[in-house]
Each structure stands twice: as structure tokens, then as C-alpha cells.
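Novice: Pasting a structure below so you can have a look.
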Amino acid sequence: MSLTALSVASEVYPLIKTGGLADVAGALPGALAVEGVATRVLLPGYPAVLAALQGAEAVLDLNPLSGDAARLLAGRAGGLDLFVLDAPHLYDRPGNPYSGPDGADWPDNPQRFAALAQVAAQLGQGALPGFLPDVVHAHDWQAGLAPAYLHYAAVQSGTRRPGTVMTVHNLAFQGQCDRAWLPTLGLPPESWAIDGVESYGGIGFLKAGLQMADRVTTVSPTYAAEIRTPAGGMGLDGLLRYRGAAVSGILNGIDTAVWDPASDPHLPAPYSAGALAGRQASRQALRSRLGLIDDDSGPVVGIVSRLSWQKGMDTVLDALPALLRQDMRLAVLGAGDRDLQDGFARAAAANPGRVGLHLGYDESLAHLIQGGCDALLVPSRFEPCGLTQLCALRYGALPVVARVGGLADTVIDANEMALAAGVGTGLQFANATPDALEAVLDRLAVLWRDQAAWGRVQHNGMASDVSWAGPARRYSALYREAAGRG
Ligand code: ADP
């Protein structure tokens, strides 16, 4: 049976991206098509999105949240069928989707994303003739009110609504705002309740979605378990336990057409598991690009990451002396917290040839690091899924990851037993502390000295299925469950 889904997200690759959410929202529709699910993606009309949207047609006049006039555009871009909310008063601004050029969040973010969710709910109720989704899939807090608007609209009108799915890509971002916003956001007075949108005395966008969606998913089974505990639940573990079997974890995949070393335009030469010699060109290109000493006495360890506490980047700086003692070199691409940027800049200045750094966002260099580093370090304190370790597996860089969330689910630690059984794909360590990091770097150095074993781990990694095929089957099954309940 074919199914129609409306996916609602605040960023979608390749149109606009600040992190993994965009990758997921951009890749899942194509994978779901194979499963008989036709997906339309709704996203805000930021300048970059409008510029990319060719042949767009205005299909609906709107005034979200009873505010200024807006239009719904329908068109195709980046291989996706899109609905774009063209609302200049909300989205025609410089900066990234959430903050201005000064880095501060826009003060009207509650309004900007409630408008998106409200339009999603209107589409879910059939506002656009000829389009009626079976399922509305809300991604992260920015879309979290969509299940709530749909719920209250169905209660009020006594009509059937589509099934709803809420996916948490990162529980740390909950979209909390003051109670005073309630009337502006067009939420009914009865929504101000513990089983409504109320969250710790304010309005919780994500909380609302977790409370009201028919199904809740997060992006790995281990993170789904972690967020039900006080240690990992960030204040919402009680609600997540209460939702019981409605909560599940579905791993992310990566777009294996975008991330394919056999045809990657960002690499100097193609390679594959069967023709690994071509990888040498990427290794050399990376060293020369970041000014790293070109010898093979130790591995080049890569990092492609937001520079933040979540990602454990402070620990990398703490463990740097141990890394350098092992004759390793570090290749870092990242942007984020000022202190961490400064810390990495100081480390690079103090260790020329041994710490190579590019501060900023650079899609092309991200590919070259995956293709050219020997191991990729992901020392997150928590990690809902993580995508960079999946890219590393596919590109033949050994992932070295903290044993949390999706990192625990996607990398098989090459311990003695795993090596004997021939199944290891990388290294795991307990948690993001300097001691644990130093210990895993010692293990990495031992493995480097046994190049035959290293090669086996690398081949196992490259043979891992990191595609969207399996996850798309699971989402499709979940959509069918949710659609049956709407
Ligand atoms: P996040 O928590 O940031 O979403 P993920 O691992 O899920 O972490 O996704 C990060 C995505 O962003 C990956 O596709 C990664 O390659 C990309 N990325 C992160 N930092 C940079 C950067 N500085 N330049 C280019 N791409 C980056």
C-alpha cells in the first residue's frame, strides 16, 4: 500500500544545513520512496531555500499565527518534493536558521517555528486541495508543535487527523519559551496543561510533540534507552517512560550516493574496499592541505565536528599530549564554541605539522578528511546517533568513538574477541574523559603497529551497511502503525 507523508523540518540537506538533522531530512524521503512512501518536505523559506527553489509555484495564501501574510510554495530542489513557507517577516534574515550574524538566537524563534508547525497541521487537515498526508512527521523541537496543533484541531472539529510521528534528533534542544506566548502561538487555553504543551512552567515545543505524537522515535536504540533515564533524559525522562512502547529508536543512515569514495568529487582519486590503493592520494592531499608531516610512523586522526561540550572537544585538547606522544597527528575541521576554537587554534600554532586545523564549515574538506585520515575520533559525551562515524566506516577511516547513544550502536569494538571473530569495525571507549581517551589512543597505536589487523578492521568497516535501506523499512512500518491510529 502506498502512503503519503509530510515531513516537517527546519533544515534539509542540500538546501540548508547546520547538522545531522538536515542530512536525515534530506535523505529519508528518497529511501522511503523505495518503501512506497511518497514524502513532501515542509521547510521555512530562508533566503538560501528560496534561491534554490526553481519553478516554484504559489499554491496557498496563508497567514500563520494570524500574523502577516505568507504563501506556501510547492516545487522541487535537491531531488526533493518541497513545500516552502514563504513568510519574509519570519525567515528573510541573514545568519543561520536559528540565530543572527552575532550568534544570538532570534527572539521570535517561538513564533518562527510555531508558524511552520501550524502550517504543517493545516496541510495535515487538507488545507491544500489534492494533498492529504497519511502521516505528519515532525523533526525536533522546531516542528514539535505540529502534533499538538493537529490534536487540538481534531478534538475541536471531531474529525479524523493524520497519524503523527515525532523524532528527536537531540533532546538537549527543547524549544522552551515563556507561557505568555500561548495566545500568540494560537494554542487553545486547554493546551496549558501537564498533558498538553506545558513544560516546567513554560511552553515546551519538543515536550508537546513527545506528549501528543502517536509515535516517538529517536535516532538510535541506545539513545532511546538513555533518554528514559534521569541521567540522559534532560528533564523529559518521566514523560518518555510514560509513553512506553510508543517510543523507539531507529538508526540513521547516510546518503551513500553523496558519501561514496568511488565517485566522490571532493577526493583526488576514487577508491573502494576492493581497490584501496586509490586512498593513498586522499591521505596525501589531506596532509598537504592541512600542512601535516607526511610520514606513516603513526596514524592521522581526523575530527569533523561541532566544537562543543557535547562533542567532548575539550577532552581532545586535554589528551593532545598523549596523542602526539604516540606519533599521531590530528586533522581538525570544526566550528563552534569560542573557547574551543581558541584552544584548537593555540594547539595548531604550538604544534606545526602535527595539528592541522580548519575552523569553519567546509563540506568539501569534510569529505577529504574522511577519505584521508586513518582514524576518525568522535568522543561525544552524548550522541543521539552521530553521522560522521558512519561516513568514516564507509571511507575506510577507523572510527574511535565514545560508547554512548548511536556511537555504541554503529561501531563494533575491535577487542581481542572481536578481532579473533573477525567482526571489529573500530574502537570504543567508555566515556569522554582524558584518561579514557588516552587509553583508547594507546590501543589505536598498538593496532597501527599491526597493519594486517588494522587492514582487517578497515575492511570490516567498509563492508558495514550504513545506508538508509534498513532504517527506511523501519520508518515505513512505523508510519503505517501511526496512520492506522490517527
Ligand atoms: P550533529 O550533532 O552536529 O548534528 P552529526 O554527526 O549527527 O552531529 O552530524 C554532523 C554533520 O555535519 C555531518 O554530516 C558532518 O559531516 C557535518 N559537519 C559537522 N561539522 C562540520 C564542518 N565544520 N564542516 C563541514 N561539515 C561538518
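Novice: Within segment 340-393, how many residues are assigned to a loop (DSSP other than H, G, I, E, B), of a type outside the set (Asp, Glu) and either within 12 Å of the ligand (Cβ to nearest atom) or closer than 18 Å to GLY426 by Cα (or both)?
Specialist: Step one: filter segment 340-393 for residues assigned to a loop (DSSP other than H, G, I, E, B), giving 351-354, 360-362, 373-374, 379-387.
Those still in the list that are of a type outside the set (Asp, Glu) too: 351-354, 360-361, 373, 379-382, 384-387.
Then keep just the ones that are either within 12 Å of the ligand (Cβ to nearest atom) or closer than 18 Å to GLY426 by Cα (or both); that gives 360-361, 373, 379-382, 384-387.
Total meeting the criteria: 11.
Novice: When you go through VAL423, VAL446 one by one, which is the residue that is within 23 Å of TYR271 (Cα to Cα), open to solvent by 60 Å² or more (accessible area, probe 1.4 Å) and among the β-branched types (Val, Ile, Thr)?
Specialist: Working: VAL446 fails: within 23 Å of TYR271 (Cα to Cα).
Result of the check over VAL423, VAL446: VAL423.
Novice: Tally the residues that are closer than 17 Å to ILE16 by Cβ, of a type in the set (S, T, N, Q) and in contact with a Phe, Trp or Tyr (Cβ under 7 Å, 6 or more places away or on another chain), restricting the search to segment 96-127.
Specialist: 2
Novice: To continue, here is another question. Looking at segment 196-213, which of its residues are assigned to a loop (DSSP other than H, G, I, E, B) and in contact with a Pro (Cβ under 8 Å, 6 or more places away or on another chain)?
Specialist: Initial filter on segment 196-213 (assigned to a loop (DSSP other than H, G, I, E, B)): 196-197, 200-201, 213.
If the condition is that a residue be assigned to a loop (DSSP other than H, G, I, E, B) and in contact with a Pro (Cβ under 8 Å, 6 or more places away or on another chain), then ALA213 is the only one that fits.
Novice: Out of the residues in segment 20-44 meeting the condition of being open to solvent by less than 20 Å² (accessible area, probe 1.4 Å) and in a strand (DSSP E or B), tell me which one is farthest from the ligand (Cβ to nearest atom).
Specialist: VAL37
Novice: Going residue by residue through segment 178-189, is there one that turns out to be closer than 30 Å to ARG403 by Cα and either among the small types (Gly, Ala, Ser) or over 18 Å from the mean Cα position of the chain (by Cα) (or both)?
Specialist: Scanning segment 178-189 turns up no residue that is closer than 30 Å to ARG403 by Cα and either among the small types (Gly, Ala, Ser) or over 18 Å from the mean Cα position of the chain (by Cα) (or both).
Novice: Farther than 22 Å from GLY19 by Cβ, in contact with a Gly (Cβ under 9 Å, 6 or more places away or on another chain) and buried (at least 17 other Cβ atoms within 10 Å of the Cβ): is that true of GLY372 in this structure? Even if it seems obvious, please write down each step before you answer.
Specialist: Values: farther than 22 Å from GLY19 by Cβ: yes; in contact with a Gly (Cβ under 9 Å, 6 or more places away or on another chain): yes; buried (at least 17 other Cβ atoms within 10 Å of the Cβ): yes.
So GLY372 fits the description; yes.
Novice: List every residue pair whose Cβ atoms sit under 6 Å apart, with the two residues 6 or more apart in sequence or on different chains, where the first one lies in segment 452-474 and is over 12 Å from THR425 (Cα atoms) and the second, anywhere, is among the hydroxyl-bearing types (Ser, Thr, Tyr) and not in a helix (DSSP H, G or I).
Specialist: Close Cβ pairs satisfying both conditions: SER467/THR256.
Novice: Related question: Looking at GLY55, GLY78, GLY103, which one is at positive phi, surrounded by 14 or more Cβ atoms within 10 Å (Cβ to Cβ) and either β-branched (Val, Ile, Thr) or at pLDDT below 95 (or both)? Walk me through it before giving the result.
Specialist: Details: GLY55 fails: surrounded by 14 or more Cβ atoms within 10 Å (Cβ to Cβ); GLY103 fails: surrounded by 14 or more Cβ atoms within 10 Å (Cβ to Cβ).
Matching residue, one of GLY55, GLY78, GLY103: GLY78.
Novice: If you check every pair at least six apart or on different chains, which have Cβ atoms under 7 Å apart with a residue in segment 323-350 that is on the phi > 0 side of the Ramachandran plot first and a residue that is acidic (Asp, Glu) second?
Specialist: none
Novice: Which one of these does ARG443 not meet: (1) in contact (Cβ under 8 Å) with a residue 40 or more places away in the chain; (2) under 22 Å from ARG403 (Cα atoms); (3) not polar (S, T, N, Q)?
Specialist: Among (1) in contact (Cβ under 8 Å) with a residue 40 or more places away in the chain; (2) under 22 Å from ARG403 (Cα atoms); (3) not polar (S, T, N, Q), the lone unmet condition for ARG443 is (1).
Novice: Also, I was wondering about something else. Among the residues of segment 165-177, is any closer than 22 Å to LEU32 by Cα, aliphatic (A, V, I, L, M) and out of contact with any Ser or Thr (no Cβ under 7 Å at 6 or more places or on another chain)?
Specialist: Yes, segment 165-177 has at least one match.
Novice: Considering only segment 275-296, I want to know if a residue exists there that is in contact (Cβ under 8 Å) with a residue 12 or more places away in the chain, surrounded by 23 or more Cβ atoms within 10 Å (Cβ to Cβ) and within 20 Å of the chain's Cα centre (by Cα).
Specialist: No - not one qualifying residue is present in segment 275-296.
Novice: Further question on the same structure: Mind checking which residues of segment 111-141 are open to solvent by 10 Å² or more (accessible area, probe 1.4 Å) and in a helix (DSSP H, G or I)?
Specialist: The first filter runs over segment 111-141 and keeps only residues open to solvent by 10 Å² or more (accessible area, probe 1.4 Å), leaving 111, 118, 122, 125-132, 134, 140-141.
Correct list: GLN111, GLN118, GLN122, TRP141.
Novice: Give the residue, chosen from ARG306, ARG279, ARG325, ARG338, that is of a type in the set (Lys, Arg) and touching a strand residue (DSSP E or B) at 6+ places or on another chain (Cβ under 8 Å). Talk me through it step by step, then tell me what you get.
Specialist: Numbers: ARG279 fails: touching a strand residue (DSSP E or B) at 6+ places or on another chain (Cβ under 8 Å); ARG325 fails: touching a strand residue (DSSP E or B) at 6+ places or on another chain (Cβ under 8 Å); ARG338 fails: touching a strand residue (DSSP E or B) at 6+ places or on another chain (Cβ under 8 Å).
It is ARG306.
Novice: Condition test on GLU416, is it of a type in the set (Asp, Glu), over 23 Å from ARG394 (Cβ atoms) and in contact (Cβ under 8 Å) with a residue 12 or more places away in the chain? Give the steps one after another, and end with the answer.
Specialist: On the way: of a type in the set (Asp, Glu): yes; over 23 Å from ARG394 (Cβ atoms): yes; in contact (Cβ under 8 Å) with a residue 12 or more places away in the chain: no.
No, not satisfied.
Novice: How many residues are touching a helix residue (DSSP H, G or I) at 6+ places or on another chain (Cβ under 8 Å) and either of a type in the set (A, V, I, L, M, F, W, C) or at positive phi (or both) when one looks only at segment 414-425? Write out each step before concluding.
Specialist: If we filter segment 414-425 for residues that are touching a helix residue (DSSP H, G or I) at 6+ places or on another chain (Cβ under 8 Å), which is where we start, we get 414, 419, 422-425.
Remaining after also requiring either of a type in the set (A, V, I, L, M, F, W, C) or at positive phi (or both): 414, 419, 422-423.
The number of residues fulfilling the criteria is 4.
Novice: Separate question: Taking LEU60 as the residue in question, decide whether it is open to solvent by 30 Å² or more (accessible area, probe 1.4 Å), away from the ligand (no atom under 14 Å from the Cβ), under 17 Å from ALA115 (Cα atoms) and not in a loop (DSSP other than H, G, I, E, B). Can you show your working first?
Specialist: Numbers: open to solvent by 30 Å² or more (accessible area, probe 1.4 Å): yes; away from the ligand (no atom under 14 Å from the Cβ): yes; under 17 Å from ALA115 (Cα atoms): yes; not in a loop (DSSP other than H, G, I, E, B): yes.
Yes.
Novice: How many residues are within 24 Å of ASP178 (Cα to Cα) and in contact with a strand residue (DSSP E or B) (Cβ under 6 Å, 6 or more places away or on another chain) if we restrict to segment 69-96?
Specialist: 2
Novice: Here is a further query. What are the pairs with Cβ atoms under 7 angstrom where one residue, in segment 221-243, is among the small types (Gly, Ala, Ser) and the other, located anywhere, is assigned to a loop (DSSP other than H, G, I, E, B) and open to solvent by 50 Å² or more (accessible area, probe 1.4 Å)? Sequence gap at least six, or different chains.
Specialist: Listed pairs, sorted by first residue: GLY235/TYR200.
Novice: Please specify each residue of segment 1-19 satisfying the condition of being hydroxyl-bearing (Ser, Thr, Tyr), more than 14 Å from the ligand (Cβ to nearest atom) and in contact with an Asp or Glu (Cβ under 6 Å, 6 or more places away or on another chain). Step through it out loud before you land on a result.
Specialist: Taking segment 1-19 and keeping what is hydroxyl-bearing (Ser, Thr, Tyr), we get 2, 4, 7, 10, 13, 18.
Adding the requirement that they be more than 14 Å from the ligand (Cβ to nearest atom) leaves 2, 4, 7.
Across segment 1-19, the qualifying residue is only THR4.
Novice: Can you tell me which residues in segment 63-75 are buried (at least 21 other Cβ atoms within 10 Å of the Cβ) and part of a strand (DSSP E or B)?
Specialist: Correct list: ALA70, LEU72.
Novice: Given the conditions (1) part of a loop (DSSP other than H, G, I, E, B); (2) out of contact with any Phe, Trp or Tyr (no Cβ under 9 Å at 6 or more places or on another chain); (3) in contact (Cβ under 8 Å) with a residue 40 or more places away in the chain, report the number of the one that VAL423 does not fulfil.
Specialist: (3)
Novice: Select the strands (runs of 3 or more DSSP E) contained entirely in segment 220-339, then report the ones holding at least 1 residues which are within 30 Å of GLY201 (Cβ to Cβ) and away from the ligand (no atom under 16 Å from the Cβ).
Specialist: Numbers: elements: 247-249, 300-307, 329-336.
Passing ranges, in order: 247-249.
The values are calculated or read from the model by the stated rules, or taken from the named source; none is laboratory data. Predicted model only: the values in this text are computed from it and were never measured. Because the Cβ atoms are built from the backbone with ideal geometry, glycine has one as well, and the counts that use them run over all protein chains shown. Calculation scope for accessible area: heavy atoms of the full protein, side chains included, ligands and nucleic acids excluded. Shrake-Rupley method; radii C 1.70, N 1.55, O 1.52, S 1.80 Å.
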